[in-house]
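The structure under discussion appears below in the form of structure tokens.
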Amino acid sequence: MVKTKLLEKIGYGFGDMSSSMFWKIFSYYLPFFYSNIFGLSLVDAGILMLVTRIWDAVIDPVMGIIADRTHTRWGKYRPYLLWIAPFFSIAGILLFTTPDWGYGAKLVWAYVTYILMMTVYTAINVPYGAMLGVVTDDSNEKTVFSSFRMFFAYGGSFIALFCWEPLTNFLGGYKTSSGWLGAMVAIAIACFILFILCFLITREHLKTKSSVSIGTDIKSLLHNKPWWFLIGATLCFNLFNTVRGSSVAYFFADIVGDKASLMFFATQIAFYAGLFLGVGEVSNMLGVAITVPLTKRLGKKTTFILVDVVLIILSIAFFFIPCNPTGYWMMLVFQVLISIFTGIMSPLVWSMYADVSDFAEFKFHTASTGLIFSSSSMAQKFGSAIGGWSVMMLLASAGYISDPAALAKGSVIQPHTALTALRCLMSFIPAGVALVSLIVVSFYPLTSEKIKDVNSQLKQIRKMEE
């Protein structure tokens, strides 16, 4: 059994710390940026997010296949952290650049820069995710690595989200394009450094070799029943996060308002979207911390179902929270609870994909780790694409007003239908998505006993092939 050092787990965590800083900004603030800062209509912004993220999802398996067949002195997946890191940061900066052009030219710029960003994101994040399959051969240790990954991911997300609005205000203003660009430059520099550190600290301890054709790899994937159930459940999980997360900036701008505050020991604290989201990221970290002991006690599948049940209940209850000083505290408490359980889910999902990869190697004799992990990224992006598009389309159909000039002056009063839609986007709609996730994962066949047997036989096969 491969023994790994604590420093390697920390180094692996740095990679998703970088990815998540970008991804959470994209998921939670980019829709608001496009409609209320950049100046796109809700419909154009929604179609843009749908098209670009579907493109991003489609190319994930391509990157997985490429990574599976890469051979360097640094390994198969690790070198991409070094090669792609600078392009990752540059693409992020371009994404938040607002050119002083006409509407049509700006729309083209938005498509080009978003597609570029998502392509670069795939080129670095798919190999990074696949590394989990080659850093250790122990299923429980993979959960530990996955927990470190998500702990640092949520730490990075907290920093990015909590600081985003103060950064934009410091660098030009929250309602100005220069403020948003300046904040992204600062985040992009940090992301570059983190990916380089991840490359320097981590190692690939397992040597896997794909000895079959690409067609065989794809065919075996399509016949992998655990993969189908897991990808369906995780797509819903990511849809849950995206719908709820991308609604927060609108929810605070139009329901909570920009003058809301929390009274804490006779001190007033501003209650804003970044604080709400940042507290959620810290709470996610608490969820990550209890994932390993919880899955060891209950098993991965049972834990997944339990999390979905709790998310359904909490999401429905969120709709009935009043919008007043007492309600603000209740919103924060519910955000903590919901985020703890989504925090449990994140490392759990990646660990389950590692199990699916082992199952594929055992049953189909194909080392397609990159392809399988890229499918998880694909599910994430499809969930994000559908979620982001759905939010924009629902708001547009509900009559939401997104006029940057009028919004900057504070002269917009949203219709009741738009406000109701925002409340549903934070409650009933995510609850429905979590229910679908629960139903799908109940059919997932890789129980703790099954994967233990698979790992035992797989170790014998690997020894014979050495």
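Fewest to most neighbouring Cβ within 10 Å: what's the order for 297, 78, 203?
297, 203, 78
Can you give me the angle between helix 79-95 and the longest principal axis of the chain, using Cα atoms only, in degrees from 0 to 90, rounded to the nearest 10?
Computed tilt is about 10 degrees.
Just grab the label-to-label distance for residue 100 and residue 450, each label 7 Å out from Cα along the Cβ direction, in nm (one decimal).
Between residue 100 and residue 450, the label points sit 6.1 nm apart.
Which net charge results when you count Lys and Arg as +1 and Asp and Glu as -1 among the other residues whose beta-carbon is under 14 Å from that of residue 229?
Charge balance near residue 229 sits at +2.
What aspartates and glutamates does residue 142 reach when the alpha-carbon gap must be under 14 Å and sequence neighbours fewer than 8 apart in one chain are set aside?
8, 204, 355, 358
Any idea what angle helix 325-364 forms with the longest principal axis of the chain, computed on alpha-carbon atoms, 0 to 90 degrees, nearest 10?
The two axes meet at around 20 degrees.
Restricting to Cα pairs below 8 Å that are 6+ residues apart, what does the relative contact order work out to for segment 7-465? Please round to a whole percent.
Relative contact order here is 29 percent.
Determine, for 44, 355, 403, the number of other Cβ atoms within 10 Å of each Cβ, and report the residues in order from fewest to most.
Listing 44, 355, 403 from fewest to most nearby Cβ atoms yields 403, 44, 355.
At 0.36 nm per residue, minus the direct Cα-Cα distance, what do residue 196 and residue 319 gain on full extension? Give it in nm, one decimal, please.
40.0 nm
Helix 177-201: angle to the longest alpha-carbon principal axis of the chain, degrees 0 to 90, nearest 10?
Between helix and principal axis, roughly 20 degrees.
Please give the contour-minus-distance gain from residue 268 to residue 90: 0.36 nm per residue of separation, less the Cα-Cα distance, rounded to one decimal in nm.
Separation in residues times 0.36 nm, less the Cα-Cα distance, equals 60.2 nm.
Give me 262, 394 sorted ascending by neighbouring Cβ count inside 10 Å, so fewest comes first.
262, 394
Going by Cα centres, segment 48-68 and segment 81-147 are how many Å apart?
11
Taking the simple approach of a point 7 Å from Cα along Cα-to-Cβ for both residue 170 and residue 222, what is their distance in nm?
Those two pseudo-labels are separated by 5.2 nm.
Between residue 62 and residue 112, take the C-beta separation as r, use R0 = 22 Å, and let me know the FRET efficiency to the nearest 0.05.
0.65
What pairs from 76/175; 24/459; 76/459; 259/300 go past 32 Å between their alpha carbons?
76/175; 24/459; 259/300
Per 0.36 nm of contour for each residue apart, how much would the distance between residue 41 and residue 297 grow if the chain were fully extended, relative to their Cα-Cα spacing?
87.2 nm
Here, each number is a calculation from the coordinates, and none is a lab measurement. Everything numeric in this text was worked out from a predicted model, so none of it was measured. Heads up, the Cβs are rebuilt from the backbone with ideal geometry, glycines too, and the neighbour counts pull from every protein chain shown.
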